[in-house]
Amino acid sequence: MFNKISLALSVTLLLSACATSPTGRTQFAFMPDTQLNQMGLQAFDSLKRENPVSTNQRHTQFVTCVSNAIIREVGGNWEVVVFEDDSLNAFALPGNKIGVHSGMVKFVDNQDQLASIIGHEIGHVLARHSNERVSQQMAVSSGMALIQAVSAPQTAMGQTALGLLGVGAQYGVLLPYSRLHENEADKIGLDLMAKAGFDPRQSVTLWQKMARAGDGQQPPEFMSTHPAHATRIQELQNAIPRALEIQKQAAAQGKQPRCSK
């Protein structure tokens, strides 16, 4: 009887775990999005308590301007925060939270390069990559402890939870997204920035610049969690013609962002 019940529960779990990403890929993600959103909210609150928020109005206005242009394409209410940190890092969390380090703001040359980063990070959220990672972890560990640990980021379990959500470099925990997730976020992000009217060609320029920044030295944190390989740059270059058509349509609709750094 017990085996039958366990089998039934397993089948139910597998069926409920079947989901489809924005690119049409089948996903293993059985966590309720409301629960992931709550984890994201808790994680973001912890980050704001543990890390100084930038008081540089120019940085904040620049990041907010670029973010808002992309947010208009996805909808919802998003919170955008610039953290005073010289490392090259940015992230987006379930629950519509976006964090950008001041080091990244200084690193990019223009609004289009920042749009590439923010579009990519929002792409992770839209594709529910955190849900996949947490679901996979819960399938082999104590799930409730993992969920509750988000409110205690300094603990080992809390660090793991933050890493699964897509942030954790501040605590020395780097859990890279898989190549599959990275590729998917690149595609979604490229479309998003083009729909918002940004120049998608700058995404290639950005990753080339990222590669140079990590050449012969310790790679930036953003590259540690978002590996910039030659294949990624090539895939982006292959997608540029389609993205330029999307940008052209956006321009015809009057979408021409003007965000000054």
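Annotations for the structure displayed:
- Pair list, Cβ under 6 Å, 6 or more apart: the stretch 92-106 residue touching a residue at least 12 places away in the same chain (Cβ under 8 Å) and within 16 Å of residue 58 (Cα to Cα), other residue small (Gly, Ala, Ser) and in a strand (DSSP E or B): 100/90; 104/90
- Which listed residue, of 212, 242, 201, 232, is modelled with pLDDT of 95 or more, basic (Lys, Arg) and within 19 Å of residue 114 (Cβ to Cβ): 201
- Cβ pairs under 8 Å, 6+ apart, first in the stretch 64-77 and charged (D, E, K, R) and at pLDDT 95 or above, second open to solvent by 50 Å² or more (accessible area, probe 1.4 Å) and assigned to a helix (DSSP H, G or I): 73/195
- Checking residue 81 against (1) open to solvent by 70 Å² or more (accessible area, probe 1.4 Å); (2) modelled with pLDDT of 95 or more; (3) of a type in the set (A, V, I, L, M, F, W, C), the condition it does not meet: (1)
- Entry remark, the stretch 242-255: residues being open to solvent by 80 Å² or more (accessible area, probe 1.4 Å) and part of a helix (DSSP H, G or I) number 5 in total.
The values are calculated or read from the model by the stated rules, or taken from the named source; none is laboratory data. This structure is a prediction, so every number in the text was calculated from the model and none was measured. Counting neighbours? That spans all protein chains shown, and the Cβs are built from the backbone with ideal geometry, glycine included. When the accessible area is computed, the model is the full protein with side chains, heavy atoms only, and any ligands, DNA or RNA have been set aside. Shrake-Rupley method; radii C 1.70, N 1.55, O 1.52, S 1.80 Å.
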